[in-house]
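Accompanying notes for the structure given below.
The values are calculated or read from the model by the stated rules, or taken from the named source; none is laboratory data. Since we're looking at a predicted model, the values are computed, not measured. Note: ideal-geometry Cβ built from the backbone for every residue, glycine included; neighbour counts use all protein chains shown.
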């Protein structure tokens with residue numbers, strides 16, 4: 001095996017350091033920040049998440065939803081957000097379906113919302129101290145999803 005320095009490797013290949021893995025709270029903070037850039041922007045909630053058949057729920061999306069704003073954010077895409085579909089948002093932000101329903105569903109907002117209103121609601125997802133983290137862990141565990149940090 002031959003050792004080569006990073007500088008030597010840059011002449012042979014395109015070498016870019018891996019982005020640091022973001023915590024759930026950091027991802028949510030970036031999402032909130034993206035929404036707060038234009039708090040008066042009119043957004044559209046996802047239509048009646050709870051009534052969508054489970055097989056179709058992960059694919060739910062609408063143009064100009066809070067998830068669209070998240071997906072347009074370069075930092076969130078670089079961190080691994082692959083689309084503005086509900087399933088990808090659940091996985092990336094480590095959301096429960098109940099949390100997503102409360103944050104993104106039309107039954108909570110009506111036909112439209114402002115980015116500022118969505119931002120305030122989404123900001124509540126950040127763990128606040130031990131109780132917030134414990135609550136998230138309990139809900140995830142109850143739903144059969146292992147939670148590791």
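Values as computed for the structure displayed
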item: Some residue of segment 77-97 being touching a strand residue (DSSP E or B) at 6+ places or on another chain (Cβ under 9 Å), at pLDDT 95 or above, farther than 23 Å from residue 59 by Cβ and part of a helix (DSSP H, G or I); result: no
item: Cross-chain or 6+ apart pairs with Cβ under 6 Å, segment 78-95 first and farther than 14 Å from residue 21 by Cβ, then at pLDDT below 95 and assigned to a helix (DSSP H, G or I); result: 90/100
item: Checklist (1) part of a loop (DSSP other than H, G, I, E, B); (2) in contact (Cβ under 8 Å) with a residue 60 or more places away in the chain applied to residue 32, failing item; result: (1)
item: Conditions (1) modelled with pLDDT of 90 or more; (2) not in a helix (DSSP H, G or I): number failed by residue 1; result: (1)
item: Condition met for residue 43 (under 15 Å from residue 107 (Cα atoms), touching a helix residue (DSSP H, G or I) at 6+ places or on another chain (Cβ under 7 Å) and modelled with pLDDT of 95 or more); result: yes
